[in-house]
Amino acid sequence: MTDRIADPWGQITSLGSGEKWIARVDSYLDDGLAPDAVDAWVQSACVLCSNGCGLDIAVKDGRMVGVRGRGDDHVNRGRLGPKGLFGWQANASSDRLTRPLVRGADGELQETDWDTAMERLVAKSRQLLDEQGPSSHGFYNSGQLFIEDYYTLALVTKGGLGTPHTDGNTRLCTATAAQALKETFGADGQPACYEDVNHADTFFLVGHNVAENQTVLWMRIRDRLQGGGAKLVDVDPRRTVPATMADVHLAPKNGTNLALLNAILNQLIATDRVDRAFVDEHTVGFDAMAGLVADMSVERAAEICGVEANDLRRAATIIGDAEALLSTCLQGVYQSHQATASAVQVNNINLVRGMIGRPGCGVLQMNGQPTAQNTRETGVDGDMPAFRNWQNEQHMADIAGLWNVDVLQIPHATPPTHAMEIFRYAEEGAIRFLWVIATNPAVSMPELGRIRDILSQDRLFLIVQDAFLTETARLADVVLPAAIWGEKTGTFTNADRTVHLSERAIDPPGDARPDMQIFLDYARRMGFTDRDGAPLVKWSTPEEAFEAWKACSKGRPCDYSGMSYDLLRSRSGLRWPYPEGADHEVDDLYADLAFHTGSEDCEDYGHDLLTGASLEEKEFRAIGAVGRAILKGAEYTPAPEAPDDSFPYLFTTGRTRYQFHTRTKTGRARQLQDAAPDIWVELAPEDARREGIEEGDLVEVTSAQGSMQGHARITGSRPSVVFAPFHYGYWDVGRGAGPDGHEPRAANELTVTRWDPVSKQPIFKLAAVKVVKVGAGDGTPSPAPTTTASAPVVDLTSGTTTGGDAAEVVETVEAGT
């Protein structure tokens with residue numbers, strides 16, 4: 001029996017170079033239930049991180065009773081992380097929303113029926129359309145829905161309403177990932193896949209605490225490191241689990257990623273570790289990019305970043321000597337200063353080494369959410385469906401033809417509105433109707449005091465569609481109860497392009513409805529039609545919606561046209577592109593080294609990475625890429641937010657492996673909530689001594705935006721960096737939508753309203769703060785540690801593990817204490 005709270009990654013199954021990762025089937029059943037007592041095992045995949053691990057849902061007497069990993073799934077080979085093992089329990093939480101709510105004359109939310117709620121919503125929508133037009137409407141969605149939901153929403157908002165104001169909370173976590181891929185390769189889509197871990201001999205993790213954020217991906221990387229012959233370079237200001245296993249750990253100052261990456265590129269060029277033949281044949285822009293990094297020596301970068309010059313040299317040498325380099329990025333890059341420019345430099349490092357499109361070689365610009373990829377694909381994140389270019393009139397005509405609407409109905413005269421602007425327009429009164437879907441901006445957005453003020457305006461009609469009465473839902477005029485994972489059927493795509501079908505396992509509680517059905521009801525009541533007068537949305541079931549999405553994606557980089565529900569039921573996960581007539585999936589996206597950089601094909605014409613200025617089509621054509629990858633860069637500039645005498649530290653946010661986003665699900669799973677019940681504040685030992693703070697003391701962290709409190713943890717992070725997880729809000733502590741006179745505990749009370757000029761992703765990693773002790777330690781136990789002792793290597797045969805298919809490890813999981 002394994003306690004997967006104390007040991008979140010489970011047994012090591014050593015993985016040698018090029019070997020197949022051995023299956024290890026993790027499972028957990030409620031109340032000690034025996035597997036043969038389960039009524040049904042229903043095919044699905046986990047939606048509590050971007051890994052998208054294949055699993056089956058155990059059902060007994062019409063309720064969920066557990067899960068088990070799918071051993072034949074190439075994503076996880078049966079493994080599940082703590083959230084996957086225990087998070088499903090939220091479905092049965094006693095505080096699920098089961099009936100619509102509307103705000104009454106007394107100012108309180110009151111239960112009602114669907115007709116009443118929808119008619120109030122539709123009446124306000126029609127009124128504002130008549131008075132102010134479609135730009136009065138904004139939609140802010142999630143990375144938690146299914147393709148079928150997203151594509152329906154895209155059609156309703158773009159083809160029905162005609163509003164440009166649709167974005168997702170994926171703007172907060174993976175907008176930079178998408179933009180960096182467009183800038184380099186011409187279109188979104190991960191070049192690498194998880195099987196590349198099996199073949200890589202060098203891992204370059206940049207701002208990616210994979211052990212916390214994608215626990216199963218870390219299991220694979222850890223097993224590969226255990227298998228021998230692989231090296232790890234880790235870039236993170238905190239001493240995380242990957243940092244403790246790294247050959248080189250670089251802990252730069254917040255906001256200096258680009259200086260560090262420019263120096264590594266400069267060192268690769270200076271030491272002649274560039275694959276010149278590959279660069280000449282398959283890229284453009286090398287000379288200009290090399291010129292931009294030429295003045296960033298390792299000595300200069302070391303001074304800027306606060307790292308050792310020799311460590312930078314060692315890192316560049318490891319990367320330069322790699323024969324199979326796999327690089328990854330996440331929020332430490334995406335939510336920091338010069339985000340897109342830094343992410344693009346990670347792409348450039350692989351390209352100048354000629355390491356893309358073959359086993360073990362590539363880039364994973366990681367996602368933070370399970371279905372974030374689908375917001376980008378379907379066009380509800382500020383992009384157009386199927387990676388079409390809003391500036392390309394033929395692309396817009398193609399969408400209009402698919403939907404049978406006038407092309408002018410689809411808003412594309414200007415760039416689609418990003419989330420930060422949506423909230424600004426709501427603040428100014430231009431957006432008067434805001435529909436928030438499966439996300440909780442009252443906890444997850446930066447500068448929460450401002451966000452609460454925006455959402456509380458009398459002139460803003462706020463609709464929240466969710467499964468729980470979140471901090472945001474408490475501010476709404478109408479609350480719509482939604483079915484969630486396991487209660488509806490649909491498909492979603494993980495961070496390495498793997499598509500899973502998630503079947504409905506149980507009925508939603510009470511009158512809760514699937515998201516797609518709510519959107520269809522709105523479209524019907526609004527009377528949206530196509531140019532022939534027929535209903536705009538032609539489908540009514542998830543499978544019909546998927547067929548429509550297939551037609552939209554056909555011929556585009558994210559081609560689903562060869563997939564079907566039956567095919568997805570017959571196997572566990574299938575990667576796109578999978579065009580009509582395909583008989584096998586594509587692991588590495590650019591194995592043919594043909595990139596989407598022709599002007600007729602690309603998703604975006606690109607930007608100046610320093611200023612964010614968009615390129616016109618003629619400027620893009622002048623680059624002359626036409627199927628070759630684009631090398632581009634930017635000079636490092638100091639971050640606008642810097643410590644001073646009043647605020648001497650830099651604050652950064654992040655995640656814990658036991659919670660997800662604002663804990664609407666994981667906070668309702670006992671094992672996960674017990675493992676990380678409340679917010680904490682991490683300090684370096686020297687900073688704690690300076691402030692007279694000891695382990696467990698209650699501290700207050702204050703920025704120019706606000707303050708929060710939490711118990712101190714003294715860690716090995718670099719000096720002058722203060723960290724807190726962003727998951728914690730107020731729904732479970734009787735504080736309503738905000739502090740309400742109690743001590744604030746949400747990390748985003750501190751963060752700033754500032755975003756990357758290219759990707760428009762908010763900057764959560766840079767807020768100048770001060771820290772003071774407000775109370776002595778009260779015996780409150782610290783959250784689960786961020787490091788654990790290495791688990792023993794599993795002895796499967798006669799002393800060693802080959803990582804092949806010789807055996808299957810089956811883990812039975814204890815709940816933890």
(Q) What does the C-alpha gyration tensor say about the overall shape of the stretch 583-673? Classify as rounded when a/c is under 1.5, otherwise prolate if a/b is larger than b/c, or oblate. (A) oblate
Q | Other-chain or far-sequence residues with amide H under 5 Å of Asp26's (modelled H) | A | Gly69, Arg79, Leu80, Glu811
Q. Taking a point 7 angstrom from the Cα of Arg621 along the C-beta vector, which residues in the stretch 542-564 have backbone N less than 12 Å away?
A. none
(Q) Sorting check: for 525-535, 323-333, which peptide has the highest mean count of neighbouring beta carbons within 10 Å, and how do the rest follow? (A) 323-333, 525-535
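Rounded, prolate or oblate for the stretch 649-785? Axes are the square roots of the Cα gyration tensor eigenvalues, ordered a ≥ b ≥ c, and the cut-off for rounded is a/c under 1.5. Kindly include the intermediate steps, with their values, before the conclusion.
Details: a/c = 1.39, a/b = 1.00, b/c = 1.39.
Cα axes put the stretch 649-785 in the rounded bin.
In whole percent, how big is the carbon plus sulfur part of the accessible area of the stretch 649-785, probe 1.4 Å, protein atoms only? Mind showing how you got there, number by number?
On the way: 2110 of 4330 Å².
Within the stretch 649-785, the accessible surface is 49 percent carbon and sulfur.
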Q. Counting DSSP beta bridges in the stretch 649-785, what percent are antiparallel, to the nearest 5?
A. 60
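Find how much the distance from Asp732 to Lys20 grows on full extension, using 0.36 nm per residue of separation minus their present alpha carbon separation; answer in nm with one decimal. Walk me through the intermediate numbers first.
Working: separation 712, 0.36 × 712 = 256.32 nm, distance 4.36 nm.
Value of the extension gain: 252.0 nm.
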Q | Rounded to the nearest 20 debye, dipole of the chain from Cβ charges on Lys, Arg, Asp, Glu | A | 440
Q.
Based on alpha-carbon centroids, what's the gap between the stretch 626-682 and the stretch 139-194 in Å, whole number please?
A. 21
Q) Which distance in nm do the two modelled labels at Arg126 and Thr637 give, with both placed 7 Å along the Cα-to-Cβ direction? A) 4.9
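Report the extension gain between Ser456 and Ala551 in nm, rounded to one decimal, defined as 0.36 nm multiplied by the number of residues separating them, less their alpha carbon distance. Intermediate values should be presented prior to the final figure.
Details: separation 95, 0.36 × 95 = 34.20 nm, distance 4.08 nm.
In short, 30.1 nm is gained.
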Q: State the antiparallel share, in %, of DSSP beta bridges confined to the chain, rounding to the nearest 5.
A: 45
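With a Förster radius of 35 Å, plug the Cβ-Cβ distance of Arg531 and Ser614 into 1/(1 + (r/R0)^6) and report the FRET value to the nearest 0.05.
Computed FRET efficiency for Arg531 and Ser614 comes out at 0.70.
Between Asn310 and Asp275, take the C-beta separation as r, use R0 = 30 Å, and let me know the FRET efficiency to the nearest 0.05. Could the numbers behind the result be given before it?
Values: r = 25 Å, r/R0 = 0.84.
For R0 = 30 Å, the calculated efficiency reads 0.75.
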(Q) What does the C-alpha gyration tensor say about the overall shape of the stretch 165-250? Classify as rounded when a/c is under 1.5, otherwise prolate if a/b is larger than b/c, or oblate. (A) prolate
Q) So for the chain, taking the charge dipole from beta-carbon charges (+1 Lys/Arg, -1 Asp/Glu), which of Ser142, Ser717, Pro577 sits furthest toward the positive end? A) Ser717
Q.
Between Asp95 and Asp7, what is 0.36 nm times their sequence separation minus the Cα-Cα distance? Round to one decimal in nm.
A. 28.7 nm
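Using mean Cβ contacts within 10 Å as the protection proxy, how do 106-116, 500-510 order, highest first? Write out the running numbers ahead of the final one.
Working: 106-116: 12.5, 500-510: 20.5.
The peptides rank, most packed first, as 500-510, 106-116.
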Q | Calculated FRET value between Asp36 and Asp511, using beta carbons and R₀ = 30 Å, to 0.05 | A | 0.30
Q. What accessible area per residue comes out for the stretch 649-785, rounded to a whole number of Å², with a 1.4 Å probe?
A. 32
Q) Between Ile12 and residues 5 or more places away or on another chain, which pairs have amide H atoms under 5 Å apart, with H built 1.01 Å from N, and which residues are they? A) Val794
**Q.** Share of alpha-carbon pairs per 10 Å distance bin for the chain, given as whole %
**A.** 3, 14, 25, 28, 21, 8, 1, 0
Q: Compute the label zone of Ala288 within the stretch 634-648: residues whose backbone N is under 18 Å from the point 7 Å along Cα-to-Cβ.
A: 634-636
Q. Over the heavy atoms of Trp403, what accessible area does a 1.4 Å probe trace out, to the nearest 10 Å²?
A. 10
Q: Return the carbon/sulfur percentage of the accessible area of the stretch 429-492, one whole number, probe 1.4 Å, all protein chains in place.
A: 42
Q: Between the alpha-carbon centers of the stretch 398-442 and the stretch 483-501, tell me the distance in whole angstrom.
A: 24
**Q.** Under 5 Å, built H, 5+ apart or other chain: amide partners of Leu55
**A.** Ser44, Ala45, Cys46, Arg70
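The values are calculated or read from the model by the stated rules, or taken from the named source; none is laboratory data. Here the structure is a predicted model, which is why all the values come from computation and not from measurement. All Cβ positions, glycine included, derive from the backbone under ideal geometry; neighbour counts span all protein chains shown. These area figures cover heavy atoms from the full protein model, side chains too; ligands, DNA and RNA do not enter into them. Shrake-Rupley method; radii C 1.70, N 1.55, O 1.52, S 1.80 Å.
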